[in-house]
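Structure first, then comments.
The values are calculated or read from the model by the stated rules, or taken from the named source; none is laboratory data. Worth saying up front: this structure is predicted, and the values here are computed from it rather than measured. Cβ coordinates were reconstructed from backbone atoms using ideal geometry, including for glycine residues, and neighbour counts include every protein chain displayed.
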Amino acid sequence: MREIQVQAEWKRSLKAQGAAELLLEAGFYEDAVSRAYYAVLHAAKAALLARDIVTESHTAVRRLFGKELVQQGLLEKEWAMILAHEQDERASADYDVELTFSQEVAAQRVEQAQRFLKRIFSFLQTEGLDDIAPT
């Protein structure tokens, strides 16, 4: 296990989630959606690293998360679907300048990311990372 890298990705995930919550509260909905995705991305990378799986791209994280964690029965399919949905929404939030997100939709993405982090926290504990910071 790459414990130092897992810890670093997990900390980055928590920071992104905190930023998503602050941005949501301040009314920056597109930015909150984007940060929520990065919280999920870094949590997914931490989970993969806990199994010694290194990824180099967003696409690889998405593909390997499903293949190595969900298909192997380590995590439920719901979490791969959340990762995919958050990634798609982030692309829209960052690159579609005509699209705006409502407070309700942004709040849903941020809450969904929080649920994802809680599930990954539980997974990391089962992988022997008992000293990891809680969500």
Restricted to region 97-130 and to residues being under 18 Å from residue 51 (Cβ atoms), of a type outside the set (Gly, Ala, Ser) and not in a helix (DSSP H, G or I), the residue farthest from the chain's Cα centre (by Cα) is 130
Subset of region 36-69, residues in contact (Cβ under 8 Å) with a residue 60 or more places away in the chain and assigned to a helix (DSSP H, G or I), comes to 36, 37, 39, 40, 43, 44, 46, 47, 50
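Just one of 9, 25, 21 is modelled with pLDDT of 95 or more and in contact with a Lys or Arg (Cβ under 7 Å, 6 or more places away or on another chain); which is it?
Numbers: 25 fails: in contact with a Lys or Arg (Cβ under 7 Å, 6 or more places away or on another chain); 21 fails: in contact with a Lys or Arg (Cβ under 7 Å, 6 or more places away or on another chain).
Selected residue: 9, the only one of 9, 25, 21 that is modelled with pLDDT of 95 or more and in contact with a Lys or Arg (Cβ under 7 Å, 6 or more places away or on another chain).
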Output for Cβ contacts, cut-off 6 Å, separation at least six or different chains, first residue closer than 21 Å to residue 91 by Cβ in region 12-32, second among the acidic types (Asp, Glu) and buried (at least 19 other Cβ atoms within 10 Å of the Cβ), reads 23/31
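The rows are residues; the columns are (1) of a type outside the set (Phe, Trp, Tyr); (2) surrounded by fewer than 23 Cβ atoms within 10 Å (Cβ to Cβ); (3) at pLDDT 95 or above.
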position: 37; (1), (2), (3): no, no, yes
position: 44; (1), (2), (3): yes, no, yes
position: 53; (1), (2), (3): yes, yes, yes
position: 73; (1), (2), (3): yes, yes, yes
